[in-house]
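> Dumping the structure here so I can ask a few things about it.
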Amino acid sequence: MVSFNQQPLAGAVHIRLVGLGKQYPGRERTVHALRDINLEIRRGEVFGIIGRSGAGKSSLLRSLNRLEQPSNGQVLIDGEDIAGYDTAQLARQRQRTGMIFQHFNLMSVKTVGENIGLPLKLAGIGRAERERRVSEMLQLVGLEDKRDAFPAQLSGGQKQRVGIARALVLQPDLLLCDEATSALDPQSTQSILALLRDINRRLNLTIVLITHEMEVIRELCDRVVVLEAGEVVEQGEVWRVFGCPCHEVTRTLLRTLHPGGAHDLAPASAGDWLLDLHYTGARGQAPELSAISAALGYPTHLVQANIERIQGRILGRLRVRVEAPEQVCAQVLQQARTVADSVERVAARA
C-alpha cells in the first residue's frame with residue numbers, strides 16, 4: 001500500500017507566501033501579475049486558486065516551484081524561502097513537488113510505464129527501484145493493465161491518471177495541479193476528482209490547484225482564494241466563500257454554477273408576494289418548508305429551490321410565495337429571519 005507521505009504535522013502551515021509579487025516588463029508599462037500576496041496553505045489540505053483570465057492564477061501556482069521567479073516577497077515551504085535557492089537546492093525541492101497539467105504532457109513515443117518512470121530515471125534511481133515504484137503508482141491510479149500501452153491508446157481520463165502517477169512517483173509532499181480537469185469530459189472529471197480526493201486523504205498530500213471550474217472547487221477543495229488583477233480579494237473555507245461571497249468577482253465566478261439564474265415569477269394573486277430565503281451555512285440551518293410556513297404564520301408555497309451541500313453545510317436559496325396581506329410584511333420578514341440566514345423581498349415581474 002502506498003503511504004510515502006505520512007506526516008505528523010497535518011494541519012500545520014506547509015506553505016506561506018509573504019508579500020509575494022511578480023512583475024513583467026512591457027513595452028509601455030510594467031505588468032503586475034501578482035501584488036503583495038499573503039497566504040498560508042496547511043499541510044494535507046486541498047487549496048484552490050480561482051479568478052478571471054489574467055488574474056494571476058498561473059503565476060501564483062508556478063511561483064510555488066519557482067517555474068516563475070518572484071520579483072519580490074517570500075515563498076516559504078516548511079519555513080524555508082525557496083526564492084533564494086540555488087540550482088542544486090531548487091532541484092531537490094522540485095523532487096518534493098509534483099505537478100500535473102491540463103494537456104497531460106506525456107511523451108508519445110514512450111509507454112505508460114516509461115512515462116511514469118522517467119522522473120526516477122532522471123533522478124538516477126536504479127532499475128529495480130524504478131520498476132517497483134512504477135508498479136506501485138500504476139496500482140494507485142488504477143492502470144495496472146496499461147503499463148505497456150502508449151498514450152495514443154488511452155482516453156483523456158487515463159492520460160491524466162498517467163500524469164498523476166508520474167507526478168507522484170518521486171514521493172512528493174506537495175502536488176500542484178494546473179487546470180487538471182479542464183480537458184476532460186464530465187465523467188472523466190468526476191473520476192479524476194475522486195482519485196485526487198483519495199490520494200489527498202491516503203497520503204496526507206498537500207494539493208494546490210488552479211481551475212476555472214467552480215464545480216472542482218466545490219467538490220474537492222478545503223479552502224479557496226480568489227484573485228483579481230494579481231491581488232487577493234477573498235479567501236476562506238469553501239463553504240464560507242461560496243455561501244456568502246463578499247466580492248463581486250467571486251459572485252461573478254460562482255454564477256457559472258447556476259447559469260440559469262433566478263426567475264422573477266409573478267405571484268398567483270395580487271395579495272401574495274415573494275421572499276428569497278438565503279442559507280449561507282453560517283448557522284447550520286437547513287430549509288424545511290413546513291417549519292418555514294409555521295414560522296411565517298401564513299400559507300407558504302415553494303416557487304424555486306437552489307440548495308446544495310458543501311463541506312457538510314447547507315448553502316443556497318429558496319424562493320417562496322407567501323399568502324399574506326401587505327400590512328404584515330415587516331412582521332413576516334422578521335419571522336423569516338429566524339429560519340434563514342438572510343431574507344429579502346423580491347419584486348415580482350409584471
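The values are calculated or read from the model by the stated rules, or taken from the named source; none is laboratory data. Remember, it's a predicted structure, so these values are computed and weren't measured experimentally. We place every Cβ from the backbone using ideal geometry, glycine too, and count neighbours over all the protein chains shown.
> Give the residue, chosen from V249, V320, that is modelled with pLDDT of 90 or more and in contact with a Gly (Cβ under 8 Å, 6 or more places away or on another chain).
V249
> Any residue in region 263-281 that is modelled with pLDDT under 60 sitting within a Cβ distance under 9 Å of a residue that is outside any loop (DSSP other than H, G, I, E, B) and among the aromatic types (F, W, Y)? List the pairs, counting only those 6 or more apart or interchain.
From region 263-281, the pairs are P267/W273.
> Now a separate question. Determine whether E179 is closer than 30 Å to H32 by Cα, at pLDDT 95 or above, in contact with a strand residue (DSSP E or B) (Cβ under 7 Å, 6 or more places away or on another chain) and acidic (D, E).
No, not satisfied.
> Would you pick out the residues in region 146-166 that are of a type in the set (G, A, S) and either closer than 9 Å to G113 by Cα or in contact with a helix residue (DSSP H, G or I) (Cβ under 9 Å, 6 or more places away or on another chain) (or both)? I'd like the intermediate steps shown before the answer.
Keep residues of region 146-166 that are of a type in the set (G, A, S), which gives 149, 152, 155-157, 163, 165.
Scanning region 146-166 gives A149, S155, G156, G157, G163, A165.
> Collect the residues in region 188-212 that are within 26 Å of S53 (Cβ to Cβ) and surrounded by fewer than 18 Cβ atoms within 10 Å (Cβ to Cβ), keeping them in residue-number order.
Q190, H212
> Scan region 24-53 for residues that are among the basic types (K, R) and in contact (Cβ under 8 Å) with a residue 40 or more places away in the chain and jot them down.
R35, R42, R43, R52
> Of the residues that sit in region 319-334 and are assigned to a helix (DSSP H, G or I) and among the hydrophobic types (A, V, I, L, M, F, W, C), which one is surrounded by the most Cβ atoms within 10 Å (Cβ to Cβ)?
Looking at the filtered set, the residue picked out is V332.
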